[in-house]
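Presented below is the structure to which this report refers.
The values are calculated or read from the model by the stated rules, or taken from the named source; none is laboratory data. Note that the structure is predicted; figures quoted are calculated from it, not measured. A quick note on method: Cβ atoms are made from the backbone with ideal geometry, for glycine too, and the neighbour counts reach across all protein chains shown. To get the accessible areas, we keep the full protein, side chains included, count just its heavy atoms, and leave off ligands, DNA and RNA. Shrake-Rupley method; radii C 1.70, N 1.55, O 1.52, S 1.80 Å.
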Amino acid sequence: MAFEPKEVQKELKYEELRIYSDEELNNYTEEELKDFKIKHDIPMCEDLESGPWPSFVADAKREALHRRKLADDRMLIERDVVEDLLGQLELSFEHGETHWKHGGIVGVFGYGGGVIGRYSDLQDQFPSIAHFHTMRVNQPASKFYTSDYLRSICDLWEYRGSGMMNMHGSTGDIIFLGTFTEQLEPIFFELGHKLQQDLGGSGSNLRTPSCCIGKARCEWSCIDTQDMCYELTHYYQDELHRPAFPYKFKFKFDGCPNCCVASIARADMSYIGTWRDEIRIDHEAVRAYMGGEIAPNGGAHAGKDWGKFDVQKEVIDLCPTKCMGMEDGKLVIDNKECTRCMHCINVMPRALRPGTDTGVSILFGAKAPILEGAQMSLLTIPFIKCDPPYDNIKENVIEPIWDWWMEEGKNRERLGELIQRQGIKKLLEVLNIPPMPQMVREPRSNPYIFWKKEDVPGDWDRDINDYRSRHKR
Amino acid sequence: MDDLKQAILDFAESSKKTKFYFKDIQNAAQKVYPDANKRDIKKAATALVNEEKLVYFSTGSTTMYGLKGRGQTEDY
Ligand code: SF4
Ligand code: SF4
C-alpha cells in the first residue's frame, strides 16, 4: 500500500514566510567586511582562508558580521554564537583536542532522531555556544528545492539558530548547525506546520533516504528514484523517527549503475537502477561517433586534444567483460555477458542507451570503517521489478531483512557486519532466494560445501546415535 | 500493551545501568512475555516516551533509552 499524505503539499511563498527585510539581509558592505575582526584572536582559523578553496572561516566571518549588525530583538539566541564558535575552534587547534561534549537527552517530543545534542565544555569562556545542537532537516528528493523554500528556512534558522548550516550532510540532510535547547520545539513547529518540512534521521534509526536526480533530469535513469525515495521515506516514518534498530540503517537510490549518490559505497541497502533486456544501439549514431561527427563522452574531454576517437581502444577494449566487438563494421554486444557497467553508454550516449525492461539491483551492507574496515555493498538481488508502491520490495526484501537484523544483530552492529558474521548463506535464507552467479565476487577460495538434506536429490539417511555407538566424540 | 509497558519499566527501574539499547528492552520484555513481538515492544517503548516516563538518549550515531530523571540530565 502506498503512503497517503494527510494534507496536500502547498507551494511555499517566501513573501508570506519571510522574517527579515531586504535591508536586514544585506546589512553590511564588502568594505566593512575587510575591516571586520571577530572578538577572539583566531590566527590558525584565518590561515585556512589562504588556501585555494573557498573557506568556511570566510563564510563564518560574514555571518558573524551580519549578526553584529542585526537589531537585538531580531535573533532569539546569542548574537555572538558564530564568533564564539570560531574562538573555540581556534582553542581546539591549539590544544589538539575537541571542546565539544557530544550527545545527550535533547530532541523534539516523540522523536528519537533528527536532533544531535552538543555542548561546549568551556561554557564560561564561550557562553553563546554553551548549547550548540544540530538539527537534521530531511532534504527534498534529489535535493531539488525552490529559492522560496531555501530563503524561508534560512530566515527561520537565522532567527532561532546560529544562521550557519551545512548543505548537505553525508546522508543528504540539510544540517542546521547550533541552537539552544529551548529553540528546538519552536523550530520543529515552524518546520512542520508552516514549511511542511520534517526532520531527518539520526541515531539507531532509518536514516534520511537519498536519491540521484533520476528521471527528473537524467536520461539514463532506469527507475523513478525520486518517487521511490519519497514513498519509502514516508512509508517507513516510524523507523525514521523512533529508534529500534541495533544501529543506523541507510537506503540510497541510484537510477543507473553510474551510482551518482554512491549507494554502493554508502548504504546498508543500495538500490541501483538496471535493465534486463538489451542495450539499445543506434548504428547510425555509432558511425557518427567513429567518424568524429559527435564528440565522445558528451564532449566532456574536449579541453585537450586526445586525438581521433577510436571505438576499439576507447570502448570495446575497455568493456570489463569483453562482450563487445565489431562485426562487418557494426557494433555488436553479447548482452548476457554485459555487467551493466555503463562505460560504453557513457562514452557514446547518443548511440547506446540502457534497455527498456527496467528494474533495480539490490545490494546490502556497505559501511564506513568501524569494525572490519570499510566495505562496498554486496550484490544480492540482481534484478527485481520496481514499480510504485513497491510492495514486492517492502514485503519480500526490506521487512525480512530488518526482522533478521533486529533479531540477530548485536548492539551497534551494521547489517554488513551481520552478513559477515553469519554468512551470505544465511542472508539468502532470510530472503528466500537461491544463490546466483551474479553474486560471486571472486572465485571461491573455501573448499567446504555444506549441503542440506533437502538440497540433495534422493536425500540421505543418517542415524546419529548409531554413528556415535561406533565413533566416540 | 500495559503489561509490556510495566515489564519495560520494571526492567529500567531495577537495572544498574541508566541507559539501554532497544535490544536490552526487547530481551527484558521477552523474558517476562516470551511471545511478545518486536513491533509491540517498540510500540510500548514509544508510548512510554510519549508519557514522559522514558527518554531517548542519542550520541548522533546510536540511540539509547533511559528512565526519565535518572542518569545524565538535559543540561549537563
Ligand atoms: S545515477 Fe545514473 S540515473 Fe542517476 S543521475 Fe547518475 S547517471 Fe543519471
Ligand atoms: S555496459 Fe559495460 S559491460 Fe556492458 S557492454 Fe557496455 S562496456 Fe561492456
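Before moving on, here are some points about what is shown:
- For the range A:246-254, the criterion of being within 12 Å of ligand 1 (Cβ to nearest atom) and farther than 21 Å from A:P369 by Cα is satisfied by at least one residue.
- Tally of residues being open to solvent by 30 Å² or more (accessible area, probe 1.4 Å), closer than 23 Å to A:Q237 by Cα and within 16 Å of ligand 1 (Cβ to nearest atom) across the range A:190-219: 1
- Being surrounded by 17 or more Cβ atoms within 10 Å (Cβ to Cβ) and within 30 Å of B:F57 (Cα to Cα) is not true of A:L70.
- So A:L352, is it open to solvent by less than 90 Å² (accessible area, probe 1.4 Å), more than 33 Å from the chain's Cα centre (by Cα) and on the phi < 0 side of the Ramachandran plot: no
- Selection status of A:L85, closer than 30 Å to A:N205 by Cβ, among the hydrophobic types (A, V, I, L, M, F, W, C), away from every other protein chain (no Cβ under 14 Å) and touching a residue at least 12 places away in the same chain (Cβ under 8 Å): yes
- Matching entry among A:S50, A:S55 (being open to solvent by less than 40 Å² (accessible area, probe 1.4 Å) and of a type in the set (S, T, N, Q)): A:S55
- Among the residues of the range B:1-52, those identified as assigned to a loop (DSSP other than H, G, I, E, B), within 18 Å of A:M406 (Cα to Cα) and either open to solvent by 60 Å² or more (accessible area, probe 1.4 Å) or modelled with pLDDT of 95 or more (or both) are B:Y33, B:P34, B:D35, B:N37.
- Filter pass, A:L156 being within 23 Å of B:T59 (Cα to Cα) and either more than 14 Å from chain B (Cβ to nearest Cβ) or surrounded by 16 or more Cβ atoms within 10 Å (Cβ to Cβ) (or both): no
- Among the residues of the range A:407-419, those that are surrounded by fewer than 18 Cβ atoms within 10 Å (Cβ to Cβ) and in a helix (DSSP H, G or I) comprise A:E407, A:E408.
- Test: residue in the range A:355-367 that is charged (D, E, K, R), within 14 Å of chain B (Cβ to nearest Cβ) and either within 16 Å of ligand 2 (Cβ to nearest atom) or touching a residue at least 40 places away in the same chain (Cβ under 8 Å) (or both): yes
- Test: B:G60 is open to solvent by less than 30 Å² (accessible area, probe 1.4 Å), touching a His at 6+ places or on another chain (Cβ under 7 Å) and at the interface with chain A (Cβ under 10 Å from one of its Cβ atoms): yes
- Of all residues in the range B:38-57, those satisfying the criterion of being more than 8 Å from every other protein chain (Cβ to nearest Cβ) and farther than 30 Å from A:I370 by Cα are B:D40, B:K43, B:A44, B:A47, B:L48, B:E51, B:E52, B:K53.
- Listing of helices (runs of 4 or more DSSP H) fully contained in the range A:1-80 that carry 3 or more residues being in contact (Cβ under 8 Å) with a residue 40 or more places away in the chain and not hydroxyl-bearing (S, T, Y): A:43-47, A:56-69
- Annotation note: Cβ proximity below 9 Å between a residue of the range A:326-352 that is closer than 22 Å to A:G298 by Cα and a residue that is acidic (D, E) and within 16 Å of ligand 1 (Cβ to nearest atom) (sequence gap 6+ or interchain) occurs for A:P349/A:E219.
- Residue check, A:H241 more than 14 Å from every other protein chain (Cβ to nearest Cβ) and away from ligand 1 (no atom under 15 Å from the Cβ): no
- Qualifying residue in the range A:379-391 (condition: open to solvent by 30 Å² or more (accessible area, probe 1.4 Å), more than 15 Å from ligand 1 (Cβ to nearest atom) and within 14 Å of chain B (Cβ to nearest Cβ)): no
- Hey, A:I187 crowded, with 22+ Cβ neighbours inside 10 Å, farther than 23 Å from A:P389 by Cα and at pLDDT 95 or above or not: yes
- Hits in the range A:200-238 - residues which are in contact with an Asp or Glu (Cβ under 7 Å, 6 or more places away or on another chain), in a helix (DSSP H, G or I) and either farther than 22 Å from A:G169 by Cβ or aliphatic (A, V, I, L, M) (or both): A:K215
- A:S270 being under 13 Å from the mean Cα position of the chain (by Cα) and either within 15 Å of ligand 1 (Cβ to nearest atom) or within 23 Å of A:T380 (Cα to Cα) (or both): yes
- Some residue of the range A:242-264 being outside the structural domain of A:M376 (by TED's automatic domain parsing), surrounded by fewer than 22 Cβ atoms within 10 Å (Cβ to Cβ) and within 13 Å of ligand 2 (Cβ to nearest atom): no
- Residues (in a strand (DSSP E or B) and touching a Gly at 6+ places or on another chain (Cβ under 9 Å)) located in the range A:119-164: A:Y119, A:H131, A:T134, A:M135, A:R136, A:V137
- Flag for A:G110 being within 14 Å of chain B (Cβ to nearest Cβ), surrounded by 21 or more Cβ atoms within 10 Å (Cβ to Cβ) and at positive phi: no
- Candidates A:T179, A:T171, filtered to the one that is modelled with pLDDT under 95 and under 27 Å from the mean Cα position of the chain (by Cα): A:T171
- Considering each residue of the range A:73-93 in turn, none proves to be farther than 30 Å from A:Y230 by Cβ, open to solvent by 50 Å² or more (accessible area, probe 1.4 Å), among the aromatic types (F, W, Y) and modelled with pLDDT under 95.
- Test: A:C222 is open to solvent by less than 20 Å² (accessible area, probe 1.4 Å) and within 16 Å of ligand 2 (Cβ to nearest atom): yes
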